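Notes follow the structure.
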Amino acid sequence: MSSELLASGVDNLKGHLAGAFNVLTGSSGDYTDLGIGRKFGGAAGAYSLRDIGAMNGPVVRVRRDSDNSEQDFSALAISFIADFVGSGNNGFVVRWYDQSGNGNDAVQTNTSNQPKIVESGSLITETRSGVTTAAIKFTSDSGTPANSDFLQTSSNYLSASASAITTCLVVPCQDDNGEDKGILGKNNSNNRVSIDHNGSNAYRFNMPARREYANTSQTVGDVDLYFNVVAGTSANTDDECFRNNIQLTGNNNAVPSVGADMNQIGARKGGTSSAEGTDGNYQEVIIYTSDLRSDGENIRNNIISHYSLPQD
């Protein structure tokens, strides 16, 4: 579809939702149905391709490689992204909007480090039980680590001063190969959250002390929900971890550290020669600086239902 036809189609889809509403870029208007990014006391950072707090506003900004044009897209317009990028072309994420209301968007201006959302003209997706949802594809570069994909926020979405942390990640399991992968990380430290398939099939939470959980029955590349809470310094008492709706067992006695500075998605030390990136499709990243164990089942069921994830 040409850009002219796309623009014409978008114009025809404009309607009214508490005022003018553009289905492509969105408009918050009088939207009142808050998503999980703004519930439960509000997230510190909330990134997704569905509306979890954007209130009909944009959720992602995409660059097409044919002419480097960029366009914002709302959750309602994700299906238009491939049309904007064009047949045979690639589309890259420039900005993953923070839907928490804090305005701390995850951004990448260096084209060498931008993750993909369209590959060879097709939207990148995950399909489970017949339900297809969009995803962002991150790629690591072991030969030139500085070229690994990552997004970075202007300020830390997680800080060392946090007294409790709840993370909700719909992300892929990694092939560890003796390396430390960074699902979430910091640009200049070893702080990270990673999900690895190694000898212990571990979900690793380094803040910077490492807490591991047995991540059984997991396959490299699988995209699942990981729900993790760290709310104190007593292992097995002040922390818990779930893959989808199955609780994982802590497999070491490390005392979890609660707070640590983090500002990257898809890597730690991203953009440097010592970058540790990840490979696979990311769909949702939500970070709360509060203990949400009591709300955990509601949060997990919301995410599992949307992405048609398995219960186990």
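The values are calculated or read from the model by the stated rules, or taken from the named source; none is laboratory data. Keep in mind the model is a prediction, meaning the values are calculated, not measured. Methodologically, a virtual Cβ is constructed for each residue, glycine included, from the backbone with ideal geometry; neighbour enumeration extends over all protein chains shown.
Is at least one residue of region 54-68 more than 18 Å from THR125 (Cα to Cα) and acidic (Asp, Glu)?
Residues of region 54-68 that are more than 18 Å from THR125 (Cα to Cα), as a first pass: 54-58, 65-68.
Subsequent filtering for residues that are acidic (Asp, Glu) retains 65, 67.
The answer is yes; a qualifying residue exists.
For a quick check of your reading: which strands (runs of 3 or more DSSP E) sit entirely within region 214-312 and have at least 2 residues that are under 19 Å from LEU49 (Cα atoms) and in contact (Cβ under 8 Å) with a residue 24 or more places away in the chain?
By residue number, 223-230, 280-282, 284-288.
Return yes or no: is ILE246 surrounded by fewer than 20 Cβ atoms within 10 Å (Cβ to Cβ), more than 20 Å from ALA44 (Cα to Cα) and either touching a Pro at 6+ places or on another chain (Cβ under 7 Å) or at pLDDT 80 or above (or both)? Working first, answer last.
Values: surrounded by fewer than 20 Cβ atoms within 10 Å (Cβ to Cβ): yes; more than 20 Å from ALA44 (Cα to Cα): yes; either touching a Pro at 6+ places or on another chain (Cβ under 7 Å) or at pLDDT 80 or above (or both): yes.
Taking the combined requirement at face value, the residue satisfies it.
Do we find a residue being out of contact with any Leu (no Cβ under 9 Å at 6 or more places or on another chain), surrounded by 24 or more Cβ atoms within 10 Å (Cβ to Cβ) and among the β-branched types (Val, Ile, Thr) anywhere in region 113-128?
Within region 113-128 (the criterion being out of contact with any Leu (no Cβ under 9 Å at 6 or more places or on another chain), surrounded by 24 or more Cβ atoms within 10 Å (Cβ to Cβ) and among the β-branched types (Val, Ile, Thr)), the answer is yes, since at least one residue qualifies.
This table checks each residue for (1) modelled with pLDDT of 95 or more; (2) more than 12 Å from PHE227 (Cβ to Cβ); (3) buried (at least 23 other Cβ atoms within 10 Å of the Cβ); (4) among the hydrophobic types (A, V, I, L, M, F, W, C).
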{"position": "PRO256", "(1), (2), (3), (4)": "no, yes, yes, no"}
{"position": "ALA260", "(1), (2), (3), (4)": "no, yes, yes, yes"}
{"position": "THR278", "(1), (2), (3), (4)": "no, yes, yes, no"}
{"position": "GLU297", "(1), (2), (3), (4)": "yes, no, no, no"}
{"position": "HIS306", "(1), (2), (3), (4)": "yes, yes, no, no"}
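Please count how many residues of region 155-165 are surrounded by fewer than 24 Cβ atoms within 10 Å (Cβ to Cβ) and under 15 Å from GLY266 (Cα atoms).
Residues that pass the stated criteria total 1.
Which one of these does GLY178 not meet: (1) at pLDDT below 95; (2) crowded, with 18+ Cβ neighbours inside 10 Å?
Evaluating GLY178 over (1) at pLDDT below 95; (2) crowded, with 18+ Cβ neighbours inside 10 Å leaves (2) as the failure.
Which one of GLY41, GLY86, GLY45 is at pLDDT 95 or above and either in contact with a Cys (Cβ under 9 Å, 6 or more places away or on another chain) or closer than 30 Å to ASP295 by Cβ (or both)?
Only one candidate passes the filter, namely GLY45.
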